[in-house]
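To start, the structure itself, in structure tokens.
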Protein chains: 2
Amino acid sequence: MAKGKILIITYNDVEDIELLYPYYRLIEEGYEVHVASKSKGFIKGKHEYEIKVDITFDEVNPEEYIGLVIPGGRAPEKIRIIPKVIEIVKSFLRKNKPIAAICHGPQLLISANAVKGRRITSYIGIRDDVIAAGGIYEDKEVVVDGNLVTSRHPPDLPAFMREFLKLLSKY
Amino acid sequence: MAKGKILIITYNDVEDIELLYPYYRLIEEGYEVHVASKSKGFIKGKHEYEIKVDITFDEVNPEEYIGLVIPGGRAPEKIRIIPKVIEIVKSFLRKNKPIAAICHGPQLLISANAVKGRRITSYIGIRDDVIAAGGIYEDKEVVVDGNLVTSRHPPDLPAFMREFLKLLSKY
């Protein structure tokens, strides 16, 4: 029996390992994982892994999921302009459900007005955007502030998933 | 404090995720992980991830490690012809230490004469080599026979690591 459903929102040019590590790790832990993107079929990561899309953004009902993962790469910048994507993020925020965002993933938190006054880390290249949006930037492998788990880049993945799983188990 | 040291033996054209998932997963669990290859510097996976080499095959003292991981891709075929690599594998076999091999990884088990009479899975393309070497082939996501944990391909990674970690925790 799956422990619950987790949603990953992403698109082409995702940083492959930032999708694949959480994806397999959550399955290993017994969660059911759905990859959501713009359309059905496959997306292709920066490193050309082809990843099956389980559900389109339009089809997503956030109520069904207990947690959200936002991998990095170029994908977050491409999907932050899609209103349904921001609606999905806001739904998790309103319900205080665990959200894990790594690398450029926090771009979606900025677009969803979720950063102000929160302790956040991210890829160094978007640090100033996090700060400009009112976030309290911390240069650490993982930062946990309430329901938000953020990390900087792939080498942080072990700490990132350790903290996200801890949060999910309490939810 | 690290729980113990785990060795990964690999080379260029490894299937990136079959190295990176076990690598990060073992770190997440508290193990110290060393990537061994032909020479220091970086190797490059099939998907062009650059992975830092911690130690050369020549420098490896297998006695220091409590477990061995053999990722797949084209790397195992390239390193099975190196006598020191086979010596390393045989050392883990003699001491009955946990060995996890995925995809083409079991090619090293064949070269180390470790397959005969053992239940094994592998990438479908080398199934007949496993059988010819006397192995009992099973088409399952993970097969555990004593100290040997084998899997077929990347989608098996969650089961592969779940069983390998179980074995390590008993060691």
Inset, instruction - Determine the dipole magnitude for the protein assembly as shown: charges of +1 sit on the beta-carbon of Lys and Arg, -1 on that of Asp and Glu, nothing else is charged, the reference point is the Cα centre, and the result goes in debye to the nearest 20. - result: 500
Inset, instruction - Could you please rank B:F57, B:F92, placing first whichever residue has the fewest other Cβ atoms within 10 Å of its Cβ? - result: B:F57, B:F92
Legend entry - DSSP-defined antiparallel bridges as percent of all bridges, chain A, nearest 5: 30
Legend entry - Zone residues, the range A:74-103, relative to A:I124, backbone N less than 20 Å from point 7 Å out along Cα-to-Cβ: A:74, A:102-103
Legend entry - Hydrodynamic radius of the range A:76-152 per Kirkwood, over alpha carbon pairs, in Å: 12.0
Inset, instruction - Mind putting a number on the dipole of chain A about its Cα centre? Charges go on the C-beta only, +1 for Lys and Arg and -1 for Asp and Glu, and I need it in Debye to the nearest 20. - result: 440
Legend entry - Cα centroid of the range B:94-171 to Cα centroid of the range B:16-69, whole Å: 18
Legend entry - For the protein assembly as shown, with +1 on Lys and Arg beta carbons and -1 on Asp and Glu, the positive-most of B:Y11, B:Y49, B:V33 along the dipole: B:V33
Legend entry - Value of relative contact order over the range A:110-158, rounded to a whole percent, pairs C-alpha under 8 Å and six or more apart: 37
Inset, instruction - Determine the sum of side-chain charges near A:K166: Lys and Arg each +1, Asp and Glu each -1, restricted to other residues whose C-beta is under 12 angstrom from that of A:K166. - result: -1
Legend entry - Residues A:T56, A:T150 arranged by fewest to most Cβ contacts within 10 Å: A:T56, A:T150
Inset, instruction - Tell me what the protein assembly as shown gives for mean residue ellipticity at 222 nm when only DSSP H runs of n ≥ 4 count, each as -39,500 (n - 2.57), the sum divided by the residue total, rounded to 500 deg cm²/dmol. - result: -9500 deg cm²/dmol
Legend entry - Cα pair distances in chain B, grouped into 5 Å bins until the bin that holds the longest one, percent each: 2, 10, 20, 25, 23, 15, 5, 1, 0
Legend entry - Förster-model FRET efficiency, 35 Å R0, B:D145 and A:E32, C-beta, rounded to 0.05: 0.75
Legend entry - Ranked B:D156, A:D128, criterion: other C-beta atoms within 10 Å, fewest first: A:D128, B:D156
Legend entry - B:I82-A:S39 FRET efficiency (beta carbon distance; Förster radius 51 Å; 0.05 resolution): 0.65
Legend entry - Rg over Rh, two decimals, the range A:1-71 (C-alpha only, Kirkwood Rh): 0.94
Inset, instruction - Between A:I55 and B:D58, with labels modelled 7 Å along Cα→Cβ, what's the label distance in nm to one decimal, could you check? - result: 5.5
Legend entry - In the range B:1-80, lysine pairs closer than 15 Å at Cα, eight or more apart or cross-chain: 6
Legend entry - For the range A:1-75, size of Cβ-based charge dipole, Lys and Arg +1, Asp and Glu -1, in debye: 100
Inset, instruction - Put one equal scatterer on each alpha carbon of the protein assembly as shown, apply the Debye formula with no solvent term, and list log10 I(q)/I(0) at q = 0.08, 0.09, 0.12 1/Å to two decimals. - result: -0.39, -0.49, -0.83
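Coordinate-derived values only; no laboratory data. As the structure is a prediction and not an experimental result, all values here were calculated from the model. Positions of Cβ are generated from backbone atoms using ideal geometry, with glycine treated the same way; all protein chains shown enter the neighbour counts.
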